[in-house]
Amino acid sequence: MSRVVDAHQHVWDRSRSAYQWITPDLGELDRDILPDEARRALADAGVDAAVLVQADDSMDDTRYLLEVARAHDWVAGVVGWVPLDDEGAARAALDELAEEPLLRGIRHLVHDDPRDDFLELPAVRASLGAVADAGLAFDVPDAWPRHLAGARRVAEALPALTVVIDHLGKPPAGIDALGAWESELRAVAALPNTVAKFSGLHRPGAPFDAATLRPLLHAALEAFGADRLMYGGDWPMSLPHGGYGPTWALMRGLIDELTAAERAAILAGSAERVYGLTGIRSVRGSRTEHAPTTRIERCPTG
């Protein structure tokens with residue numbers, strides 16, 4: 001089996017940060033999700049390693065994820081958080097984290113932020129310049145419809161910053177709206193410093209099946225090319241839908257329909273390059289070494 005790096009996985013401990021979005025109506029997600037459970041989910045699926053992604057806009061959550069990463073060698077890297085809307089505080093936080101080699105990106109929960117213009121704020125733009133200077137990527141979650149165009153403008157304004165579109169921007173469930181989403185996704189992909197994750201596609205009102213996801217994968221593949229596309233399991237958000245196994249089986253089946261080179265890129269190569277992952281220790285027991293870089297080369301098919 002080829003190497004697999006899950007570019008989007010979460011853990012959280014509510015004794016460490018607030019996670020105010022986690023409420024009783026989320027059912028089995030309304031509890032702590034700890035590293036040992038995450039490791040078992042990966043191991044059961046035969047996935048080698050994962051990138052942990054922040055689940056709270058707090059430095060406490062970022063510090064927790066880095067502690068987890070240092071203690072668990074299946075964690076290949078961390079996408080954390082800094083206060084982007086305060087340039088001075090963001091730079092101070094980046095300075096504090098500068099000696100953390102496992103920090104590979106920054107994210108803000110833009111979909112939960114009430115400010116539609118968050119990505120346009122001068123302080124945010126200045127902070128993202130500092131993120132680029134630090135050699136870190138910038139993840140944008142659930143960008144459609146409020147923030148996908150803004151993510152494009154960020155990538156255009158800051159060509160040294162790698163902008164990662166989580167969950168393909170979160171495509172709309174309705175077929176009538178897919179055209180507008182795809183048009184904006186292609187506009188983002190036209191910029192060579194952008195990347196997308198084939199992840200997080202459990203959407204209210206839309207089936208989670210091959211017939212529904214296949215066109216989304218192919219639209220992203222045509223827009224970005226495999227070298228700028230990454231697999232992400234988005235566990236534990238898949239727990240209400242059967243957990244890691246069924247989600248992985250469906251997504252892996254679709255990826256297996258592609259060429260060997262495309263599979264290798266989407267399942268591991270793109271994540272390793274985008275996040276500069278090195279010395280990955282597999283839950284299956286082997287270590288692989290890769291040279292770090294956050295420079296994204298435009299794929300010929302993108």
Give the residues of region 165-203 whose amide nitrogen is closer than 11 Å to a point set 7 Å from the Cα of Ala149 in the direction of its Cβ. 184
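On full extension of the chain, what length is gained from Asp116 through Ala157, given 0.36 nm per residue of separation minus the C-alpha to C-alpha distance?
Numbers: separation 41, 0.36 × 41 = 14.76 nm, distance 1.81 nm.
Full extension of this stretch gives 12.9 nm more.
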For the residue pair Glu28 and Ala98, what label-to-label distance in nm results when each label sits 7 Å from Cα along the Cα-to-beta-carbon direction? 4.5 nm
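Provide the FRET efficiency to the nearest 0.05 for the Ala187-Thr212 pair, computing r from the beta carbons and using R0 = 25 Å.
Details: r = 23 Å, r/R0 = 0.93.
Once the sixth-power term is evaluated, E becomes 0.60.
For the chain, give the magnitude of the charge dipole about the Cα centre (Cβ charges: +1 Lys/Arg, -1 Asp/Glu; no others), in debye to the nearest 20. Present the calculation step by step, with values, prior to reporting the outcome.
Numbers: 30 positive and 46 negative charges, 175 e Å.
Using Cβ point charges on Lys, Arg, Asp and Glu, the chain gives about 840 debye.
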For region 37-45, what does the Karplus curve 6.51 cos²θ - 1.76 cosθ + 1.60, with θ = phi - 60°, yield as ³J(HN,Hα) per residue in whole Hz, taken in order and with x for Gly and Pro? 5, 4, 4, 4, 4, 5, 4, 4, 8
Calculated from backbone phi, Karplus (6.51, -1.76, 1.60) coupling profile of region 73-90 in Hz, x at Gly/Pro: 7, 7, 7, 7, x, 10, 9, x, 9, 9, x, 4, 7, 9, 4, x, 5, 5
Trp21-Ala261 pseudo-label distance in nm [points 7 Å out on the Cα-to-Cβ vector]: 3.7 nm
Semi-axis lengths, Å, region 5-288, gyration tensor of Cα atoms, sqrt of 5 times eigenvalues: 25, 23, 19
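Just so you know, all these numbers are worked out from the coordinates, no wet-lab data involved. Only a predicted model underlies this, so the values are computations on that prediction, with no experimental measurement involved. Cβ coordinates were reconstructed from backbone atoms using ideal geometry, including for glycine residues, and neighbour counts include every protein chain displayed.
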